[in-house]
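Shown next, in structure tokens, is the structure this report addresses.
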Protein chains: 2
Amino acid sequence: MSPIAELSLAELAALRSSVEARYDAFRAQGLKLDMTRGKPASDQLDLANAMIALPGNGDYLSASGEDTRNYGNLQGLAEARALFAPVLGAPPEQIVVGDNSSLALMHDCIVYALLKGVPGSQRPWSKEQTPAFICPTPGYDRHFAILEDFGIRMLPVAMTDHGPDMDAVEKLAADPAVKGMWCVPKYSNPTGEIYSDETVARLAAMPTAAPDFRLFWDNAYCLHHLTERRNEIANILEECGRACHPDRAFVFASTSKMTFAGAGLAFFASSPANVRWYLARAGKRTIGPDKLNQLRHVRFLRDLAGLERHMDAHRALLAPKFVAVTDALQRHLGGSGTARWSAPEGGYFISVEVIEGTAKRVVDLAKAAGVALTPAGATWPYGEDPHDSNLRLAPTVPALADVRAASECIALCILLAAIEAQTALRASAA
Amino acid sequence: MSPIAELSLAELAALRSSVEARYDAFRAQGLKLDMTRGKPASDQLDLANAMIALPGNGDYLSASGEDTRNYGNLQGLAEARALFAPVLGAPPEQIVVGDNSSLALMHDCIVYALLKGVPGSQRPWSKEQTPAFICPTPGYDRHFAILEDFGIRMLPVAMTDHGPDMDAVEKLAADPAVKGMWCVPKYSNPTGEIYSDETVARLAAMPTAAPDFRLFWDNAYCLHHLTERRNEIANILEECGRACHPDRAFVFASTSKMTFAGAGLAFFASSPANVRWYLARAGKRTIGPDKLNQLRHVRFLRDLAGLERHMDAHRALLAPKFVAVTDALQRHLGGSGTARWSAPEGGYFISVEVIEGTAKRVVDLAKAAGVALTPAGATWPYGEDPHDSNLRLAPTVPALADVRAASECIALCILLAAIEAQTALRASAA
């Protein structure tokens with residue numbers, strides 16, 4: 001297709017008629033498809049079905065003979081920490097295993113920082129004038145929602161192909177009010193970037209005016225590859241140590257998208273001082289995590305090789321869905337100049353940049369045709385995309401055939417919204 | 001035995017020799033017994049062993065067809081809420097099922113109140129000058145630890161046979177800085193009282209200067225009877241509604257001491273406005289609880305009758321241990337005027353009031369004889385008992401024979417410490 005900006009008025013009108021006809025055909029089908037939810041499909045959950053009857057009758061003692069049914073062990077089972085140590089890039093003694101939600105661990109770290117401060121804080125963050133976070137954007141709406149809820153200012157920085165725009169990040173970090181930064185360093189949510197080694201090193205080494213600045217390193221997609229390439233990123237804890245900022249990074253991960261989304265394990269890994277801090281705080285909140293679920297995971301996954309085999313099985317289910325989306329976008333929009341999209345090598349999302357000012361229109365058009373999309377703006381702080389141009393597609397839940405149909409429809413909506421905008425532009429120029 | 005205060009000096013010296021001899025005999029045995037931990041023994045945990053293989057292969061759909069393996073359902077499974085509705089005294093729609101720790105729910109309610117306020121708050125509690133809580137004392141050390149950690153002042157009030165001293169409570173509640181109150185209304189921790197209907201009604205009806213005052217109603221031992229009498233207390237949510245204070249009570253409970261202490265379910269029950277508030281806050285923290293564990297509990301306990309049968313089995317294991325303690329105390333201390341103790345009809349503790357100024361000495365003596373007791377003072381705010389007189393005994397974990405031996409030893413330690421104090425008193429008077 002030629003760029004629509006180069007079409008004559010007559011060509012544009014003809015294209016519009018043709019696209020509208022195809023769009024109407026979709027509408028007539030009465031589709032009911034949902035591309036909003038970044039969660040596993042039920043065939044992915046089936047991969048872990050053996051866990052439902054685990055650990056199994058009479059099996060409740062840990063390797064050290066601890067009764068996992070009872071209270072205690074705030075830090076989590078040693079064997080669960082050992083199993084995930086290579087994934088988290090931290091020794092087992094610097095890992096805490098929590099319950100089913102890494103988001104909860106992040107939330108609690110922010111709450112504890114607000115009410116008590118972190119190691120190195122001069123005062124609790126809630127006593128600072130106007131604490132702020134650096135937010136690579138587009139980003140994860142639930143990260144932003146926590147900050148918004150607690151009145152922490154959000155400072156967006158753009159993403160590049162190798163992570164956040166580090167010049168902008170370093171400039172912002174020079175402000176003492178800037179206390180932290182969200183990072184999804186591998187297969188970023190939603191744009192799919194992998195932080196380069198240089199980006200990781202700069203994040204670890206950069207001067208920060210706040211002595212208690214923290215990287216909230218949400219390695220949510222650490223093993224969630226979509227190709228045969230198991231991409232690795234630099235070890236942030238090691239980099240921070242090397243740069244003499246040993247306490248800078250809070251590392252988070254979970255098995256939510258490995259085993260069961262609602263019944264997985266969440267992890268916190270950090271420096272010895274941060275782990276002591278976290279445990280001291282969490283020890284006021286609970287007597288310990290669900291260790292029986294930790295044992296269940298250890299029995300099922302066994303070791304790193306078992307975990308990687310399990311993630312390969314996820315990939316086999318997911319990769320075709322992502323290809324279906326990018327194929328449809330390419331087929332309908334390639335060369336039209338109406339969209340750019342990510343082709344992620346991992347993670348749960350495809351991010352699409354459409355013509356400025358048309359993202360909301362695309363979502364409305366898709367909705368009218370029976371395809372639910374994440375609200376435009378959701379990937380921006382406060383839910384407001386100043387360019388109204390970013391869309392987040394989540395192809396994991398629908399069946400492959402449905403992903404295909406939805407992607408065709410979405411591509412047409414993007415094209416139609418772009419043609420409408422182009423038509424209006426020509427009219428206003430005339 | 002005669003009251004030791006009435007003994008002659010010679011009689012006192014003779015008693016001391018005899019008690020010391022018996023104490024030394026205990027020391028010589030090299031006991032290693034632990035009466036500190038308010039947690040279930042492993043034979044109690046065995047009662048729920050069938051849960052370890054539940055819900056079982058292929059069983060993961062809720063009654064409504066929801067996939068419990070996946071994300072979502074912040075409020076918890078409808079069938080889990082229905083099962084515990086009669087226990088909590090709230091309709092299922094006013095119940096939230098959390099993960100394994102009701103302490104965590106209480107902690108989070110305080111955190112949310114500090115950072116955001118509760119329904120009716122004029123500002124977050126952290127913006128108040130000096131927020132304070134009414135603390136019936138002796139009380140639960142982990143309740144107090146949360147308040148201490150966040151700098152919330154603790155105002156002790158005495159316990160009576162039918163709950164906290166309500167005249168004192170009503171007086172304190174007239175101060176607008178007083179934002180809440182801890183209550184363990186049935187089988188109070190550690191003193192075992194059951195709040196009378198009048199106490200509950202007064203708590204619900206009393207004027208409070210703070211418009212956002214909250215009763216933290218920790219019904220931890222709701223079904224944890226030690227006799228055949230299933231004691232009931234008045235329904236605090238209904239009483240608050242009747243008194244036109246519908247939002248006054250946050251009700252908490254858990255299955256930690258029903259199924260597995262580390263892998264149970266926790267519950268929050270309250271007014272519709274409070275439940276909406278809680279869910280709005282918790283929804284920033286997590287996408288949902290471990291619903292598979294909720295299904296596991298529903299499959300195992302089935303219904304209220306199943307739950308009550310299960311608690312009867314706990315009682316059969318626990319009641320003899322409590323009797324062993326009170327028997328030993330009565331046998332060694334009855335009539336001596338050296339101690340008063342609770343004979344609770346439920347719960348996990350026996351509370352002992354010893355001669356003022358001797359509780360720490362008793363703990364030291366017991367430790368030297370190989371019996372670990374909870375540190376004296378633990379049941380008071382800030383861990384400081386101004387009378388140094390309260391001891392908390394936790395007889396659930398050791399085997400019955402060990403409880404017997406430990407109780408004998410503790411009784412002797414109490415007696416010995418009292419004789420020492422009486423001897424010193426006579427010497428100083430002389």
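The values are calculated or read from the model by the stated rules, or taken from the named source; none is laboratory data. Keep in mind the model is a prediction, meaning the values are calculated, not measured. Ideal geometry is used to build each Cβ from the backbone, glycine not excepted, and the neighbour counts take in all protein chains shown. When the accessible area is computed, the model is the full protein with side chains, heavy atoms only, and any ligands, DNA or RNA have been set aside. Shrake-Rupley method; radii C 1.70, N 1.55, O 1.52, S 1.80 Å.
Restricting attention to the range A:350-371, and to residues there that are in a strand (DSSP E or B) and touching a Gly at 6+ places or on another chain (Cβ under 8 Å), which single residue is nearest to residue A:420 (Cα to Cα)?
Step one: filter the range A:350-371 for residues in a strand (DSSP E or B), giving A:350-354, A:371.
Subsequent filtering for residues that are touching a Gly at 6+ places or on another chain (Cβ under 8 Å) retains A:350-351.
Values: A:350: 24, A:351: 22 Å.
Among those residues, the one meeting the criterion is A:351.
What is the one condition in (1) facing another protein chain (nearest Cβ under 9 Å); (2) under 24 Å from the mean Cα position of the chain (by Cα); (3) open to solvent by less than 10 Å² (accessible area, probe 1.4 Å); (4) polar (S, T, N, Q) that residue A:44 does not satisfy?
Of everything listed in (1) facing another protein chain (nearest Cβ under 9 Å); (2) under 24 Å from the mean Cα position of the chain (by Cα); (3) open to solvent by less than 10 Å² (accessible area, probe 1.4 Å); (4) polar (S, T, N, Q), residue A:44 misses just condition (1).
Does the range B:272-298 hold any residues that are farther than 16 Å from residue A:263 by Cα and either at the interface with chain A (Cβ under 10 Å from one of its Cβ atoms) or in contact with a strand residue (DSSP E or B) (Cβ under 8 Å, 6 or more places away or on another chain) (or both), and which are they?
B:274, B:275, B:278, B:279, B:280, B:281, B:282, B:283, B:284
Assess whether residue B:220 counts as being touching a residue at least 60 places away in the same chain (Cβ under 8 Å), of a type outside the set (S, T, N, Q), assigned to a loop (DSSP other than H, G, I, E, B) and under 22 Å from residue B:146 (Cα atoms). Even if it seems obvious, please write down each step before you answer.
Numbers: touching a residue at least 60 places away in the same chain (Cβ under 8 Å): yes; of a type outside the set (S, T, N, Q): yes; assigned to a loop (DSSP other than H, G, I, E, B): yes; under 22 Å from residue B:146 (Cα atoms): yes.
So residue B:220 passes the test.
Quick check: anything in the range A:7-26 within 14 Å of another protein chain (Cβ to nearest Cβ), assigned to a helix (DSSP H, G or I) and in contact with a helix residue (DSSP H, G or I) (Cβ under 6 Å, 6 or more places away or on another chain)?
At the first step, the residues of the range A:7-26 found to be within 14 Å of another protein chain (Cβ to nearest Cβ) are none.
No, the range A:7-26 contains no residue that is within 14 Å of another protein chain (Cβ to nearest Cβ), assigned to a helix (DSSP H, G or I) and in contact with a helix residue (DSSP H, G or I) (Cβ under 6 Å, 6 or more places away or on another chain).
Could you grab me the full set of residues in the range B:203-233 that are among the small types (Gly, Ala, Ser), open to solvent by 20 Å² or more (accessible area, probe 1.4 Å) and farther than 20 Å from residue B:128 by Cα? Break it down into steps so the answer makes sense when it comes.
Step one: filter the range B:203-233 for residues among the small types (Gly, Ala, Ser), giving B:204-205, B:209-210, B:220.
When the remaining residues are screened for being open to solvent by 20 Å² or more (accessible area, probe 1.4 Å), the result is B:205, B:209, B:220.
Residues satisfying the conditions are B:205, B:220.
Among (1) touching a Lys or Arg at 6+ places or on another chain (Cβ under 9 Å); (2) assigned to a loop (DSSP other than H, G, I, E, B), which single condition is residue B:417 missing?
Failing condition for residue B:417: (2).
Just a yes or no: is a residue in the range B:58-69 crowded, with 23+ Cβ neighbours inside 10 Å, facing another protein chain (nearest Cβ under 10 Å), in contact (Cβ under 8 Å) with a residue 60 or more places away in the chain and among the acidic types (Asp, Glu)?
Scanning the range B:58-69 turns up no residue that is crowded, with 23+ Cβ neighbours inside 10 Å, facing another protein chain (nearest Cβ under 10 Å), in contact (Cβ under 8 Å) with a residue 60 or more places away in the chain and among the acidic types (Asp, Glu).
How many residues, within the range A:138-151, are within 14 Å of the chain's Cα centre (by Cα) and open to solvent by less than 10 Å² (accessible area, probe 1.4 Å)?
Filtering the range A:138-151 down to residues within 14 Å of the chain's Cα centre (by Cα) leaves A:138-145.
Retained after the next criterion (residues that are open to solvent by less than 10 Å² (accessible area, probe 1.4 Å)): A:139, A:143-144.
Residues that pass the stated criteria total 3.
Within the range B:27-41, track down each residue that is charged (D, E, K, R) and more than 14 Å from chain A (Cβ to nearest Cβ). Show your work before the answer.
Pass one, the range B:27-41, residues charged (D, E, K, R): B:27, B:32, B:34, B:37, B:39.
Listed by number, the residues that qualify are B:27, B:32.
Anything in the range A:388-430 that is surrounded by fewer than 17 Cβ atoms within 10 Å (Cβ to Cβ) and closer than 17 Å to residue A:358 by Cβ? List them, or say none. Even if it seems obvious, please write down each step before you answer.
Kept after step one, since they are surrounded by fewer than 17 Cβ atoms within 10 Å (Cβ to Cβ), are these residues of the range A:388-430: A:399-401, A:423-430.
Answer for the range A:388-430, where residues must be surrounded by fewer than 17 Cβ atoms within 10 Å (Cβ to Cβ) and closer than 17 Å to residue A:358 by Cβ: A:423, A:424, A:425, A:426, A:427, A:428.
Could you list all residues from the range B:193-202 that are outside any helix (DSSP H, G or I) and open to solvent by 10 Å² or more (accessible area, probe 1.4 Å)? Explain how you work it out, then say what you get.
If we filter the range B:193-202 for residues that are outside any helix (DSSP H, G or I), which is where we start, we get B:193-196.
Correct list: B:193, B:194, B:196.
Can you go through B:74, B:83 and tell me which one is within 16 Å of residue A:100 (Cβ to Cβ) and more than 10 Å from chain A (Cβ to nearest Cβ)?
Working: B:83 fails: within 16 Å of residue A:100 (Cβ to Cβ).
Unique residue meeting the criteria: B:74.
For the range B:174-184, enumerate the residues that are surrounded by fewer than 20 Cβ atoms within 10 Å (Cβ to Cβ) and in contact with a strand residue (DSSP E or B) (Cβ under 9 Å, 6 or more places away or on another chain). Walk me through it before giving the result.
We begin by selecting, within the range B:174-184, every residue surrounded by fewer than 20 Cβ atoms within 10 Å (Cβ to Cβ); these are B:174-177.
Matches in the range B:174-184: B:175, B:177.
Please find, within the range B:344-371, the residue that is surrounded by the fewest Cβ atoms within 10 Å (Cβ to Cβ) out of those that are out of contact with any strand residue (DSSP E or B) (no Cβ under 8 Å at 6 or more places or on another chain) and among the hydrophobic types (A, V, I, L, M, F, W, C).
Once the filter is applied, the top-ranked residue is B:368.
Only one of (1) in contact (Cβ under 8 Å) with a residue 24 or more places away in the chain; (2) within 23 Å of residue A:258 (Cα to Cα) fails for residue A:121. Which number is that?
Residue A:121 satisfies all of (1) in contact (Cβ under 8 Å) with a residue 24 or more places away in the chain; (2) within 23 Å of residue A:258 (Cα to Cα) except (2).
So, in the range B:325-343, of the ones that are open to solvent by 10 Å² or more (accessible area, probe 1.4 Å) and assigned to a helix (DSSP H, G or I), which residue ends up nearest to residue B:221 (Cα to Cα)?
So in the range B:325-343, the residues open to solvent by 10 Å² or more (accessible area, probe 1.4 Å) come out as B:326-327, B:330-332, B:334-335, B:337, B:339-343.
Narrowing the set further to residues that are assigned to a helix (DSSP H, G or I) leaves B:326-327, B:330-332.
Numbers: B:326: 20, B:327: 23, B:330: 25, B:331: 28, B:332: 29 Å.
The qualifying residue nearest to residue B:221 (Cα to Cα) is B:326.
So which residues in the range A:89-134 are more than 22 Å from residue B:74 (Cβ to Cβ), within 14 Å of chain B (Cβ to nearest Cβ), assigned to a loop (DSSP other than H, G, I, E, B) and open to solvent by 10 Å² or more (accessible area, probe 1.4 Å), if there are any at all?
If the condition is that a residue be more than 22 Å from residue B:74 (Cβ to Cβ), within 14 Å of chain B (Cβ to nearest Cβ), assigned to a loop (DSSP other than H, G, I, E, B) and open to solvent by 10 Å² or more (accessible area, probe 1.4 Å), then A:123, A:124, A:128, A:131 are the ones that fit.
Counting just the residues of the range A:27-41 that are in contact (Cβ under 8 Å) with a residue 60 or more places away in the chain and assigned to a helix (DSSP H, G or I), which one comes out surrounded by the most Cβ atoms within 10 Å (Cβ to Cβ)?
Just the residues of the range A:27-41 that are in contact (Cβ under 8 Å) with a residue 60 or more places away in the chain, to begin with: A:27, A:29-41.
With assigned to a helix (DSSP H, G or I) added as a condition, the list becomes A:27, A:29.
Working: A:27: 14, A:29: 12.
My answer is A:27.
So, of the residues in the range A:372-387 that are in contact with a Ser or Thr (Cβ under 8 Å, 6 or more places away or on another chain) and not in a helix (DSSP H, G or I), which turns out to be surrounded by the fewest Cβ atoms within 10 Å (Cβ to Cβ)?
Initial filter on the range A:372-387 (in contact with a Ser or Thr (Cβ under 8 Å, 6 or more places away or on another chain)): A:372-374, A:379-381, A:385.
Add one more test, that the residue is not in a helix (DSSP H, G or I), and what stays is A:372-374, A:379-380, A:385.
On the way: A:372: 17, A:373: 26, A:374: 21, A:379: 24, A:380: 21, A:385: 21.
It comes out as A:372.
Looking at the range B:135-158, which of its residues are within 14 Å of another protein chain (Cβ to nearest Cβ), more than 16 Å from residue B:214 (Cα to Cα) and not in a helix (DSSP H, G or I)? If you could, list the steps in order and put the result at the bottom.
Within the range B:135-158, the subset within 14 Å of another protein chain (Cβ to nearest Cβ) is B:140-152.
Next, from what is left, pick out any that are more than 16 Å from residue B:214 (Cα to Cα): B:140-142, B:145, B:148-151.
Once the filter is applied, which keeps residues that are within 14 Å of another protein chain (Cβ to nearest Cβ), more than 16 Å from residue B:214 (Cα to Cα) and not in a helix (DSSP H, G or I), the range B:135-158 yields B:140, B:150, B:151.
Would you check if residue A:315 is open to solvent by 10 Å² or more (accessible area, probe 1.4 Å), in contact (Cβ under 8 Å) with a residue 24 or more places away in the chain and in contact with a helix residue (DSSP H, G or I) (Cβ under 8 Å, 6 or more places away or on another chain)? Give the derivation first.
Values: open to solvent by 10 Å² or more (accessible area, probe 1.4 Å): yes; in contact (Cβ under 8 Å) with a residue 24 or more places away in the chain: yes; in contact with a helix residue (DSSP H, G or I) (Cβ under 8 Å, 6 or more places away or on another chain): no.
Here the answer is no, as residue A:315 does not meet what is asked.
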